[in-house]
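The values are calculated or read from the model by the stated rules, or taken from the named source; none is laboratory data. Keep in mind the model is a prediction, meaning the values are calculated, not measured. Methodologically, a virtual Cβ is constructed for each residue, glycine included, from the backbone with ideal geometry; neighbour enumeration extends over all protein chains shown. These area figures cover heavy atoms from the full protein model, side chains too; ligands, DNA and RNA do not enter into them. Shrake-Rupley method; radii C 1.70, N 1.55, O 1.52, S 1.80 Å.
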Amino acid sequence: MTSTSPDPFGPDNPAVYEKDSPGEQAHRIQIAVPVPLRQVFDYLGPGPVAPGSRVLVPFGMKSSRSVVGVVLSSRPGADENIRLKAIERILDDVPVFTDSMTGLLLWAANYYHHPVGEVFQTAIPVKLRSAVGIENPLREIRYRRTTHLSMPEIGKLLERAPKQRQLFRQFSDSSEYSLAQLTDAMATATSAGIHRTLKSLLEKGMIERHERRDRPDEYPVTGFQERLTDEQRTAVDSVIESFGQYRSFVLHGITGSGKTEVYLQLAQQCSKSGHQVMVLIPEIALTPQLLERFRSRLGGGVTVIHSGLSAQQRYTSWWRAREGTATVIIGTRSAVFTPMKQPGLIIIDEEHDHSYKQQDGFRYHARDLAIKRASMENIPILLGSATPSMESIHNVEKGKHRLLKLSQRTGRARLPGIEWIDLQKHRQNGGLTPQLLEAARTEIDNGCQVILYINRRGYAAVAGCTRCDWKARCDRCDAWLTFHRKTNTLRCHHCGRIARPESHCPECGHALFYHGAGTQRLEEVLKRQLPDARIVRFDSDEVTSRSRLEEILSGIQQGDMDIVVGTQLISKGHDFPRVTLVGIVDPDQGLYSTDFRAPEYLFQQLVQVAGRAGRDQLPGKVVIQTAHPENPYLKLALGHDYSGFHQLCLQQRKAAGFPPFGFMALWRAESASPGAAIQFLRHIRQIGSNIRENRNYREVEILDPVSSPMEKLAGRYRAQLLVKSNLRKPLHDLLSSWTSEMETSTQARKVRWSLDVDPTEMY
């Protein structure tokens with residue numbers, strides 16, 4: 001085995017010699033191995049192996065373990081002076097990855113400067129990360145007992161075959177079993193041994209086998225299509241004209257303007273041509289309603305992939321997409337790696353949402369990878385949002401994307417009116433003013449529904465003492481503990497620590513006071529002030545499973561709930577026709593962040609949640625409680641003035657050299673010891689500065705390392721180092737050399753470190 005450059009078409013690095021391996025020297029196979037090293041490895045193969053195939057290979061100095069890797073290239077012959085380890089087994093008859101997907105993953109490993117083997121591992125279904133073959137999950141071989149043999153005949157056939165006799169006893173007159181079920185039943189036998197025994201019983205005619213094929217669930221297709229507005233028709237026609245070629249579009253549609261109908265009609269047209277559509281969504285919570293709408297149009301051809309499914313369910317969806325039996329693939333972030341036999345179109349719903357960025361491990365951005373994939377597959381991509389990201393609008397202005405607009409709500413729906421409640425003039429009771437409570441009561445009395453939005457779960461943000469200023473603090477994080485009344489616990493929303501609340505201050509003995517409101521406190525106040533109202537919370541504490549999610553959404557849709565108290569989970573994509581009032585509680589917490597993207601995130605959240613009101617024929621209203629009614633970001637958001645916000649935000653970012661006018665990477669480090677992380681970043685800053693000076697990367701600025709805004713998290717101390725550039729190429733050239741240096745640094749083994757290219761969160 002020898003390590004080589006991450007680029008399979010580039011020059012090899014100097015060889016690393018290892019012990020001799022058996023077998024003939026036929027082909028040199030380059031393999032991506034799932035280890036945290038930014039390199040690939042050469043092995044000896046018995047002959048050519050198709051790129052994109054999985055292979056089982058020994059790994060380590062003593063070959064003490066075997067791992068599943070992915071073949072990147074195969075070429076005849078190998079240097080006789082280099083002793084290569086041999087591939088143990090080729091796992092795939094047909095490669096798991098097509099050439100285009102292999103190219104995409106190599107590009108991603110290079111762009112994000114992440115170990116190539118881990119990138120490929122991310123894209124493989126969990127089931128295929130072990131040494132198993134690809135099997136049709138809808139096809140299963142089952143065995144059952146034959147009925148033509150008499151008991152004396154059976155006794156004679158099994159007289160000298162104890163293993164066969166033991167296995168045959170598992171079969172009753174009418175039962176049938178799969179190999180897996182028989183393996184479970186025969187705990188002392190291996191799957192291979194049972195398979196041999198089954199073969200003997202088949203040859204004796206004592207059992208028979210048959211194939212059972214599961215079909216995907218069928219769904220009734222209504223065929224109903226909404227009548228398109230002129231703007232919707234223009235958007236649909238523009239994308240259809242681009243079928244068969246790469247073009248990127250931004251669909252800027254205000255809330256309630258019918259973006260989903262555009263997606264549906266495009267999916268229908270694409271599937272009619274025999275091609276597949278990938279639809280990415282930011283949250284699992286959006287899946288049930290969107291899935292129902294797609295299945296009503298396209299039936300059982302729609303499949304779904306997200307983390308809420310079991311490994312087997314995700315594998316089944318992956319297999320259907322790969323074989324082409326799924327015409328529409330709906331999924332969250334990781335679904336971007338799903339294979340498609342006949343790719344035709346990619347749609348990114350809520351493209352602005354930062355949930356598309358993976359925040360640990362392989363820190364890719366699914367939207368950006370989808371754009372790259374569309375270009376490599378030569379198919380169009382549509383980025384839809386009511387609040388497009390600054391990067392997407394900037395790319396529209398540069399001519400990289402084409403803008404499609406939906407500026408009016410469909411039908412007779414209109415944008416909601418806006419009212420302000422100045423918290424400097426009006427008192428609150430548990431987070432709610434009398435004016436907002438009265439507005440909610442009026443809508444409920446009229447038979448309508450209300451959403452109250454606060455982006456904080458729990459009962460109270462801080463449990464503290466008003467006499468000595470003591471506050472309940474997490475001992476593992478630089479954060480206050482949030483009080484949860486339902487479970488009578490103090491919880492850290494960062495590390496998950498749980499503590500029991502004190503009744504009195506541990507410092508001075510004074511009674512504790514609970515500051516700030518969360519979803520639980522709003523729920524309590526509403527039950528007290530509006531006792532007849534049917535109230536449901538919609539936050540991650542309440543939505544604990546897929547079935548609970550579907551139960552709550554169904555209750556809201558059917559009118560079984562009067563008031564929904566929710567976090568940002570309720571702000572995205574949901575269509576509740578009977579919601580006429582949205583109350584926004586305490587948006588001011590989003591005005592004080594150190595993250596330069598905070599105004600954009602706040603604007604997006606407010607526009608999205610305000611857009612839940614008045615989506616049908618009933619007029620809607622938004623009431624916002626704020627101590628800063630004159631804040632320009634709040635005014636622009638609640639005035640639905642995207643153009644004004646866009647110009648203000650881009651002007652500020654251009655002056656600071658922030659994206660999309662500059663490019664960034666963030667080194668992060670953490671350690672159990674105070675000061676170790678920042679000391680390590682000082683060390684690597686010196687390495688980066690030396691490379692910058694030696695190679696004259698003057699466009700790149702390396703800032704000083706600083707402690708993270710939340711320095712202590714889950715018992716570890718964190719620091720970060722920001723790297724900026726007004727040009728992309730010198731930044732990536734520098735990072736490439738820099739990460740290579742870090743691979744061999746002894747200092748890098750003393751802390752946990754990571755590199756985040758194009759970070760979306762700066763803490």
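Key figures for this structure:
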item	result
Distant alpha-carbon pairs in segment 587-662 (separation over 17 angstrom), percent	49
Nearest-10 value in Å² for the accessible area of ARG314, using the 1.4 Å probe	70
By accessible area with a 1.4 Å probe, ligands and nucleic acids excluded, highest first: order of HIS494, HIS352, HIS426	HIS494, HIS426, HIS352
Relative contact order (percent, whole number), the chain, Cα cutoff 8 Å, 6+ residue spacing	10
Sulfur and carbon atoms: percent of accessible area, segment 412-563 [1.4 Å]	43
Residue-by-residue Karplus 3J(HN,Hα) for segment 117-131, coefficients 6.51, -1.76, 1.60, Hz, glycine and proline x	x, 6, 4, 5, 4, 4, 7, 9, x, 3, 4, 8, 7, 10, 7
Tensor-based shape of segment 395-534 (alpha-carbon gyration tensor, a/c under 1.5 rounded, otherwise prolate or oblate)	oblate
Cut-off under 5 Å, modelled amide H: who pairs with GLU701 long-range	LYS724, SER725
Accessible surface of segment 574-700, 1.4 Å probe, proportion on carbon and sulfur as whole %	50
Simple Cβ-charge dipole of the chain, Lys/Arg +1 and Asp/Glu -1, about Cα centre, in debye nearest 20	1140
Cα lying deepest toward the dipole's positive end in segment 39-116, options PRO76, SER64, SER100, charges on Cβ	SER64
The chain: angle of helix 230-240 to the longest principal axis, Cα-based, in degrees nearest 10	20
Identified option (computed P(r) over Cα pairs in 20 Å bins from 0, in percent; candidates [x] 14, 41, 34, 11, 1; [y] 13, 37, 36, 13, 1; [z] 17, 43, 27, 12, 1)	[x]
Rg over Rh [alpha-carbon atoms, Kirkwood Rh] for segment 94-195	1.25
Rounded accessible area per residue of segment 121-211, 1.4 Å, Å²	62
3J(HN,Hα) from dihedral phi, segment 407-415, Karplus parametrisation 6.51/-1.76/1.60, rounded to Hz, x for glycine, proline	9, 10, 6, 6, x, 9, 5, 10, 4
As computed over segment 445-499, the Cα convex hull volume per residue (Å³)	130
Selection from HIS515, GLN529, SER540 lying farthest towards where the dipole of segment 505-547 points positive, charges on Cβ	GLN529
Separation of alpha-carbon centers, segment 658-699 and segment 94-171, rounded to whole Å	46
Derived scalar couplings ³J(HN,Hα) [segment 654-667; Karplus, 6.51 cos²θ - 1.76 cosθ + 1.60; whole Hz; x for Gly, Pro]	5, 5, 8, x, 8, x, x, 8, x, 10, 9, 9, 10, 7
Principal-axis tilt of helix 434-445 within the chain, Cα atoms, nearest 10 degrees	70
